[in-house]
1. Which of the helices (runs of 4 or more DSSP H) found entirely inside segment B:274-381 contain at least 3 residues meeting this: closer than 30 Å to residue A:165 by Cα?
2. Return a yes/no flag: does segment B:276-287 have any residue that is of a type in the set (Val, Ile, Thr) and over 20 Å from the mean Cα position of the chain (by Cα).
3. In segment B:98-109, what residues are assigned to a loop (DSSP other than H, G, I, E, B), in contact (Cβ under 8 Å) with a residue 24 or more places away in the chain and not hydroxyl-bearing (Ser, Thr, Tyr)?
4. Against the conditions (1) within 14 Å of another protein chain (Cβ to nearest Cβ); (2) in contact (Cβ under 8 Å) with a residue 24 or more places away in the chain; (3) out of contact with any Phe, Trp or Tyr (no Cβ under 9 Å at 6 or more places or on another chain); (4) open to solvent by less than 30 Å² (accessible area, probe 1.4 Å), where does residue B:74 fall short? Just the number, please.
5. Just to verify a result, which residue in segment A:163-179, among those that are in contact with a strand residue (DSSP E or B) (Cβ under 9 Å, 6 or more places away or on another chain) and within 11 Å of another protein chain (Cβ to nearest Cβ), is surrounded by the fewest Cβ atoms within 10 Å (Cβ to Cβ)?
6. For the structure I just gave you, tell me whether residue A:227 is away from chain B (no Cβ under 12 Å), under 21 Å from the mean Cα position of the chain (by Cα), assigned to a strand (DSSP E or B) and surrounded by 20 or more Cβ atoms within 10 Å (Cβ to Cβ).
7. Residues B:118, B:112: which one is hydrophobic (A, V, I, L, M, F, W, C), within 14 Å of chain A (Cβ to nearest Cβ) and in contact (Cβ under 8 Å) with a residue 40 or more places away in the chain?
8. Give the residue that is most open to solvent (accessible area, probe 1.4 Å), with candidates limited to residues of segment B:181-226 that are touching a residue at least 12 places away in the same chain (Cβ under 8 Å) and among the acidic types (Asp, Glu).
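The values are calculated or read from the model by the stated rules, or taken from the named source; none is laboratory data. Treat the numbers as computed from the prediction; the structure is a model and nothing was measured. Here Cβ is always computed from backbone atoms with ideal geometry, including for glycine, and neighbour counts include all displayed protein chains. The accessibility values were calculated without ligands, DNA or RNA, using every heavy atom of the protein model including side chains. Shrake-Rupley method; radii C 1.70, N 1.55, O 1.52, S 1.80 Å.
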Amino acid sequence: MNRMQLAALATVATLFTACGSSSDTGPQPVAIDFKALVGTQTFSCADTAGYAIGTGTLPWIPKDFRFYVSNVRLVDAAGVEAPVTLDASVWQGYGVALLDFENGTGNCTGGTVETNKSIQGTVAPGSYVGLKFDVGVPTASNHLNVQAANPPLANSAMYWSWTTGYKFMKIDGLINRATPFTFNFHLGSTGCTLATPGDFTTASCTTLNVPSASFAAFNPTTQAVALDLALLFAATNFDTADGGGAPGCMSGATDPECAPIFPKLGLPFGTTPAGSQASFRLVTK
Amino acid sequence: MSGDGARIARAALAAAAALVAACGGGAPVEQEGPGYTWVLPQGFPVPEVPADNPMSAVKVELGRRLFYDVRLSGNQTFSCASCHKQELAFSDGRARGLGSTGMLHPRGPQPLVNLAYLDVYTWANSVVPSLEIQALVPMTGFDPIELGIAGYDEEVAARLRADPAYPALFQAAFPGDSHLYSYLNIGKAIAAFERTLISGNSPYDGYQRGDSTALTASARRGLDLFFSDRIGCARCHSGLTFTDAASTPGAPGNPFPFHNIGLYDLDGQGAYPADGSGLMALTSRPEDMGKFRTPPLRNVAVTAPFMHDGSVATLSEVIDLFAAGGRARMQNGVPSPLQSPLVQGFAITPEEKADLLAFLEALTDEGFLTDPRFASPFPAR
């Protein structure tokens, strides 16, 4: 490799890493920013008047907005994927990062003051053009002893006690119907059983409900990944009374409120086959 | 009380206990377990305890306080005891529980009796393996919200830290722990207290221990019916705890003590109501529709209404629907296709039914319902 090639590589690496480091053959740092958007607005627990989204008229008032991301990969021009190794921190561990856009104010009770809006890690040296990631907690980490777990899985709000796993997404809104209603959206694996009776670390779930996102052209220096609630809930009508199952959608296989939401994440639901996710989009930082 | 007075009183108490035991009166006996002296009904084995949560007297006392403490709910209005009342064998008389924020639970609060011997703790969940993990369900659940403290970890810790009694109790129960007030430790302490909720001194137990007068003649006939092949109650309501969802300490547990008893068949395919589909809600397996844990039966007479949704008001009606081979069969004429083959129906005369009821009522352990060791440590409000 001559000096010019090296210089070119260094330039690409600089472009491609938020913190602008470059150079040798060691892993290169990578930072990926995330945003929580509601159409053109930025999600904020302070917006207690809510957002006009969905097909109805009642606003969706923020109560919570957190999700786990895992299996983060950068993709080079040839389509080869390079896994991003997440740095250890209170937001990252067990191969997952917790992105947290609520700050515990307004109606975001049970939340945390701290927020986390980016993923930090390292990737093998290379020239990358694209980004792929999954939403959720891989099965291998999804049935830890939560009580003994460390962050980001030591989180009683994200713990999904009835499956001894985690909520992959927790995006809850208050709907001021005649009787105020909390429209929960809790995404997680369902169809869970134990391989060894009495040992929940052997739990596995038949329906993983792990959405995937893929962006062929992504520049982490200039772009961020946005989860847009206006897209996620585009087909949801918050005016209508809950049709059964959990209040809102808690991933139940027959929960009617999941039917308009799951396809927006590219997940199959009932007779609707899996498609491409349509809720994450790239935005300028 | 001090000095000789105390010694004499203790000796008198010991003598009285020995006397009662000798007469077959069923006084509880002390049995040594690792780090803890259990007070157990005669004939009851020392329960198994998870290795990471050994018993201690101070942990049990801490757990009792937490069980009765409303600071363990988000809005500080509810405690575990709000839905688990001692005088009702720690059930609450409601068909469906009511959470701290007013949400109705799809199921009725279960009695908390002899949990230390059980393999399964809730109506329809096969993946919650311990009382420690189970405690997180009412603490952190959203559907329904029960105690409603998911994400309130730091606030709850602050409440407990500010209490005059808790810091010393937590430190003694969890020496050297750097996260004293974690949900982990709260769950462990509550689980330790719950393991002491052992009931085994009913008239039935007295009879078992040789006191032939402990049961009425009717209850004795009922006992025979209960264990008979014809009536078949004991096919599932078996053993020390009267459920197959339990196992002897040291023995492997029953991995699947869930049964469809034909309570519903809404569509001819065995469907239960959507908010009470049983184990299927967890496993998504169609064959798990309507399967619920066999409820333990000690103190059952004080735990009405019955079934997972409280849809059967009296024990008399419970017997009627089992006699009919399930409520679905009673109503539709044909059994649910998903019904357990163990529920076949039986003929029973009114006299026999009265005897069976007398036996079920003889499973009530009055001492358990009033034992001060299990009562609230807080002054009545």
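1. Counting at least 3 such residues, we get B:280-283.
2. yes
3. The answer is B:99, B:103, B:105, B:106, B:107, B:108, B:109.
4. (3)
5. A:163
6. Against the criterion (away from chain B (no Cβ under 12 Å), under 21 Å from the mean Cα position of the chain (by Cα), assigned to a strand (DSSP E or B) and surrounded by 20 or more Cβ atoms within 10 Å (Cβ to Cβ)), residue A:227 qualifies.
7. That would be B:118, the only listed residue that is hydrophobic (A, V, I, L, M, F, W, C), within 14 Å of chain A (Cβ to nearest Cβ) and in contact (Cβ under 8 Å) with a residue 40 or more places away in the chain.
8. Selected residue: B:211.
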